[in-house]
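What follows is a short report on a single structure.
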Number of protein chains: 2
Amino acid sequence: MKKEEMKTYWHTSSHILAQAVKRLYPETELGIGPAIEEGFYYDFYREEPFTPQDIEKITAEMEKIINENLPIERLEYDKKQAEEIIKNESFKLEILKEIPDEKVSFYRQGGFIDLCKGPHQTSTGEIKFFKLLSISSSYWKGNEKNPSMQRIYGISFPRKKELEEYLKRIEEAKLRDHRIIGPKTGLFSLHQEFGPGLVFWHPKGAMIRKIIEDFWKEIHIENGYDLLYTPHIASIKLWEKSGHVEFYKENMYPPMEIDEKILYQLKPMNCPFHILVYQDRVRSYRELPLRWAELGTVYRLEKIGVLHGLLRVRGFTQDDAHVFCRTEQIEDEVMKILGLVVFFLESFGFDQYEVFLSTRPKKFVGSVENWEKATDALTNALKKKEFQYQVDPGEGVFYGPKIDIKVRDCLNRLWQCTTIQVDFNIPERFNLKFVNEKNEFEQPIMIHRAIMGSLERFFGILIEHYNGNFPLWISPVQVKILPISEKFLEYGEKIFKMMQKEKFRVQIDASQEKLNKKIKIAEEEKIPYIFIVGEKEERENNIAVRKHGKGMLGTFTVEDIIKILKEEANTKNTKWL
Amino acid sequence: MKKEEMKTYWHTSSHILAQAVKRLYPETELGIGPAIEEGFYYDFYREEPFTPQDIEKITAEMEKIINENLPIERLEYDKKQAEEIIKNESFKLEILKEIPDEKVSFYRQGGFIDLCKGPHQTSTGEIKFFKLLSISSSYWKGNEKNPSMQRIYGISFPRKKELEEYLKRIEEAKLRDHRIIGPKTGLFSLHQEFGPGLVFWHPKGAMIRKIIEDFWKEIHIENGYDLLYTPHIASIKLWEKSGHVEFYKENMYPPMEIDEKILYQLKPMNCPFHILVYQDRVRSYRELPLRWAELGTVYRLEKIGVLHGLLRVRGFTQDDAHVFCRTEQIEDEVMKILGLVVFFLESFGFDQYEVFLSTRPKKFVGSVENWEKATDALTNALKKKEFQYQVDPGEGVFYGPKIDIKVRDCLNRLWQCTTIQVDFNIPERFNLKFVNEKNEFEQPIMIHRAIMGSLERFFGILIEHYNGNFPLWISPVQVKILPISEKFLEYGEKIFKMMQKEKFRVQIDASQEKLNKKIKIAEEEKIPYIFIVGEKEERENNIAVRKHGKGMLGTFTVEDIIKILKEEANTKNTKWL
């Protein structure tokens, strides 16, 4: 089935779920019930929480509805009739009010009728294999001032094998949960008590971050970017000028008021700072494009309820860059960015993406002509770089069109990472200028772009993608040396120094533990290579090498294993293990 | 003259200054008038500001007093008599009240008498050559709620040559002012309007910062440190636990209150975060010493009046590290730190220091025994590493003894950079533990240390030390290629690519400007090497090389100049230019 067909399939499944709930618990009020990226959910309003027993009953009732093979029909009513039909459903009435059209559509299956745009399958029997997955709570329309709904998630497929594969995949994902692997292997911690959503990078995690940052900086400098470092706070006047106070306030930390009556604001974005650097002197067309990159740590006040490990946090480091250029330069710049994005992501083993081009929304700033020029530039760049992409009409930000790239991980999950956004708004707000060939002032275009999006989030995705078994070039500890007993510690230290001299990240286990215990610890730490040294190895001046997840590789001289490991450590774009 | 003798000399000069002021403007009230690191000042309270003409008059009057060669005598009075003598000097009376002794000393020269500990020269005629340097305003006792004083600074020497040299040196320092060189050569900017004391690192400054950071991280990792990255904010609960809310509040930004009624605090220090990482699991004696380093950006609310370019800011990045160890390990750890400090500072051309060991103050935490052990450990480390040092008795922080290192720059100025502080307090406050050999809990010692102190400040010092002419390894742009005209642009670009391939930081001036103008620009940018390429160079396949501040070096093949520059770029510890 194609993606759109699956969406219809899942949407129909959500109606069956709602029908089952209404049959069993008629007092329940209905919220919304859409298909999502994978599967579906339905939001219910009900005093008592659904119990696991309720979920069993609902599952049985859904099976009954499927077996009844009820035909699904589309009906049209004018608004007055519609109001009568859903008079007991306050949430549906609220939705109805917001629909501007005179006539609205309903879908009916048996005794169940739902205000719905459709489309749907033609009968309930078409849903073959399904499973209800979880319940969570959510606010009506995502606003915490509204009533709290119970959201039941489910999945369904036409074939049993598809359902089984899906369930296996989410089981695997659970085992790879970065929130478990991360702290267990000493990568990071979170401290609810002292501030939820704030990430502490422990020595091993910090080493990975350093490796990512070094690589990121290196390729940016090679590609004509300059680095900037800017503060984490600024007077609120800056955020008033940039429009963030007006349009972004709910995501911002409250300001700090100091003696001099200045309000200071923790930064939710880096762009206004880069603009101040731009404005520090008169710029000439000869300097453009200016490409300024910063690993800028920003703070955004996400709701506690949506925080999730490293994937949704309250403080994160954007791998941010801003390109100041002329309209004619957008296409070329975006092509260069796309090339850099692919190179970067593939280096971390991500070589499958979904690419989205979002175009002019109803509310927008700037001229239609400029929007068209910019959208053409993005389109041309995507085409010339031979990207497959989907257009999301009207889904651009109010300040310009954009390209979003979601990476697909080894469990087939999509993660929003890269974004490339043209901005007509902020150059206007700050009255940015450069002097053109005719010695006249002209306004530059600004492109915001991030490859990873957030270092924290990217790290979370990496942990799950690799299941904590990082490729050698990223591994914080590449080799652990295990002397069989204290007698061979000296020989082990000799090997240790040789490896260190060759710039490997190496540890030695000098504890009194038995070899088996040492191996177990090193395996749990997910260290790629274990060197075992005992009597035979010392005598023959070599080492026994064990590879994580593969077992013993055999005996090597240090020179040979250094050669092998160097080659592996120099290889990026390692597929998942 | 020895340092102590110069202090006496300057202190006497300050009395002559005060005497001159009182003769000319008897209504003026006296504050304090000490000798300082270089020279002296006296604080005066007076309605009208001193004008440049006043300073001329005061200078003439001081010369008169010196010519009068008045004998200076020490007098002792009991407090009552003292009160009578200074009854018209409200500030002096305030000081008098704070003196616990029964008898106090005065110094008199002619008709002028001043409450003063001394010592002094024996007569005013001993002051030979002096100059009043500047006036600034200061609050009485540094507290802005107190009256504002006029502070007159001066310098004096026994020999004319010394005064001339000193004046030349401060003239040079003015020319080297990082606040002028920095923005002029594109290193950084400050934006008063959007928050004073917050530093924006521009492309060239950011490149230098990257070089410093990379070098710093590299040598820390080589020396057994692990890196950490921690957030910039935390719940105020953490700062209550650490004691910062109680003892450090005036230096902290006000907290931010969010929905969940949590107060968030911008961090003034990194240590509590490192402690949370330490506490994340049970630690064993086998892990100690743990050495954790972070380039942690902190925010401290310095008074607007004391902010000064990069040297005194409100947000700065500490090159912070914390060593968790046992008391027996302090000496060895401090020796290692001292070695690292010297290596780091010498790499940046600083090879003269003044070292201070500060011992137990009156108010302290921890046992006297532990203080003695720790102080002995610091002393032994200094001695074994053969450091010359001075003891500052009782000047330690309340939580432990410390070593401070001031570096001497090429203008003979001292800058406080390195600090190494033993801390008994915070391990106790957080109840830090490790499991010892006997399987019992034991409390570790914590050593705080920073080499640069603040990256921003160190950068400011570096700019002035090198007068913006950075050694090749730090120069953000190492080579600029100047084609004589457009005809030789292609050849210039060939050279550009060759240099880039060899990892040099290189620019090309592709503008239409005349060669002389191009050279002038590059010299103003203080770029170490200029490659000039024209017809002759292209024909003979070489380049004409010009060195900043040295002029033409001659003609070289690219291969040869690459070899020369590589050697230079690999040389750290470059003396000032």
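The values are calculated or read from the model by the stated rules, or taken from the named source; none is laboratory data. Computed from a prediction, not measured in an experiment: that's the story for all the values here. Neighbour counts are summed over all protein chains in view; Cβ atoms, including those assigned to glycine, are modelled from backbone coordinates with ideal geometry.
Yes or no, residue by residue, for (1) touching a residue at least 40 places away in the same chain (Cβ under 8 Å); (2) among the hydroxyl-bearing types (Ser, Thr, Tyr):
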| position | (1), (2) |
| --- | --- |
| B:GLY33 | yes, no |
| B:GLU47 | no, no |
| B:PRO52 | no, no |
| B:GLU56 | no, no |
| B:GLU63 | no, no |
| B:GLU76 | no, no |
| B:ILE95 | yes, no |
| B:TYR107 | yes, yes |
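Let's see how each residue does on (1) over 17 Å from B:ASN425 (Cβ atoms); (2) modelled with pLDDT of 95 or more; (3) of a type in the set (Ser, Thr, Tyr); (4) assigned by TED's automatic domain parsing to the domain that holds B:ARG457:
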site	(1), (2), (3), (4)
B:VAL368	no, no, no, no
B:THR375	no, yes, yes, no
B:LEU378	no, yes, no, no
B:LYS383	yes, yes, no, no
B:GLY396	no, no, no, no
B:GLY400	no, no, no, no
B:LYS406	yes, yes, no, no
B:ASP409	yes, no, no, no
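Selection of region A:234-284 for residues being more than 9 Å from chain B (Cβ to nearest Cβ), within 30 Å of the chain's Cα centre (by Cα) and assigned to a loop (DSSP other than H, G, I, E, B) yields A:GLY243, A:TYR248, A:MET252, A:LYS267, A:PRO268, A:MET269, A:ASN270. Within this structure, A:ARG209 fails the test of being away from every other protein chain (no Cβ under 14 Å) and among the charged types (D, E, K, R). Quick check: is even one residue across region B:260-269 of a type in the set (Val, Ile, Thr) and in contact with a helix residue (DSSP H, G or I) (Cβ under 7 Å, 6 or more places away or on another chain)? No: region B:260-269 contains no residue that is of a type in the set (Val, Ile, Thr) and in contact with a helix residue (DSSP H, G or I) (Cβ under 7 Å, 6 or more places away or on another chain). Would it be correct to say that A:MET1 is surrounded by fewer than 16 Cβ atoms within 10 Å (Cβ to Cβ) and out of contact with any Lys or Arg (no Cβ under 9 Å at 6 or more places or on another chain)? Against the criterion (surrounded by fewer than 16 Cβ atoms within 10 Å (Cβ to Cβ) and out of contact with any Lys or Arg (no Cβ under 9 Å at 6 or more places or on another chain)), A:MET1 qualifies.
Of all positions in region A:479-494, at least one carries a residue that is under 32 Å from the mean Cα position of the chain (by Cα) and closer than 30 Å to A:ARG176 by Cα. Taken over region B:216-232, the criterion of being more than 7 Å from chain A (Cβ to nearest Cβ) and either touching a Phe, Trp or Tyr at 6+ places or on another chain (Cβ under 8 Å) or buried (at least 20 other Cβ atoms within 10 Å of the Cβ) (or both) is satisfied by B:TRP216, B:ILE219, B:HIS220, B:TYR225. Among the candidates B:GLU102, B:GLU37, B:GLU47, the residue that is charged (D, E, K, R), at pLDDT below 95 and within 27 Å of B:ARG169 (Cβ to Cβ) is uniquely B:GLU37. Taking region B:470-577 as the region of interest, the helices (runs of 4 or more DSSP H) fully inside it that hold 3 or more residues being closer than 25 Å to B:THR185 by Cβ, in contact (Cβ under 8 Å) with a residue 40 or more places away in the chain and not aromatic (Phe, Trp, Tyr) are B:489-501, B:558-569. Do we find that A:GLY125 is of a type outside the set (A, V, I, L, M), outside the structural domain of A:ILE211 (by TED's automatic domain parsing) and in contact with a Leu (Cβ under 9 Å, 6 or more places away or on another chain) in this structure? The answer is yes for A:GLY125. For the residues A:GLY315, A:GLY296, the requirement of being within 12 Å of chain B (Cβ to nearest Cβ), at pLDDT 95 or above, within 16 Å of the chain's Cα centre (by Cα) and crowded, with 19+ Cβ neighbours inside 10 Å singles out A:GLY315.
From the list B:LEU411, B:LEU338, B:LEU345, B:LEU357, the one residue that fits, being farther than 30 Å from B:HIS244 by Cα, in contact with a helix residue (DSSP H, G or I) (Cβ under 7 Å, 6 or more places away or on another chain) and aliphatic (A, V, I, L, M), is B:LEU411. Looking across region A:105-118 at every residue that is more than 9 Å from A:LEU75 (Cα to Cα) and touching a Phe, Trp or Tyr at 6+ places or on another chain (Cβ under 8 Å), the one that is modelled with the lowest pLDDT is identified as A:GLY118.
Does any residue in region B:174-201 that is more than 10 Å from every other protein chain (Cβ to nearest Cβ) and of a type in the set (Ser, Thr, Tyr) come within less than 7 Å, Cβ to Cβ, of a residue that is assigned to a helix (DSSP H, G or I) and crowded, with 21+ Cβ neighbours inside 10 Å six or more places away or on a different chain, and which pairs are these? From region B:174-201, the pairs are B:THR185/B:LYS204.
Residue-wise test of (1) surrounded by fewer than 19 Cβ atoms within 10 Å (Cβ to Cβ); (2) among the basic types (Lys, Arg); (3) over 30 Å from A:GLU294 (Cα atoms); (4) modelled with pLDDT under 95.
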position: A:GLY468; (1), (2), (3), (4): no, no, no, yes
position: A:PRO476; (1), (2), (3), (4): no, no, no, no
position: A:ILE484; (1), (2), (3), (4): no, no, yes, no
position: A:MET499; (1), (2), (3), (4): no, no, yes, no
position: A:GLN507; (1), (2), (3), (4): yes, no, yes, no
position: A:ILE527; (1), (2), (3), (4): no, no, yes, no
position: A:ILE532; (1), (2), (3), (4): no, no, yes, no
position: A:LYS547; (1), (2), (3), (4): yes, yes, yes, no
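Number of residues in region A:550-562 that are loosely packed, with under 12 Cβ neighbours inside 10 Å and over 19 Å from A:LEU515 (Cβ atoms): the value is 1.
Given the criteria of a type in the set (Lys, Arg) and in a loop (DSSP other than H, G, I, E, B), does B:LYS406 qualify?
no
Taking every residue in region B:422-433 that is farther than 20 Å from B:VAL334 by Cβ and pairing it with any residue that is at pLDDT 95 or above, at least 6 positions away or on another chain, the pairs with Cβ-Cβ distances below 6 Å are B:PHE430/B:ILE275; B:LYS433/B:PHE441.
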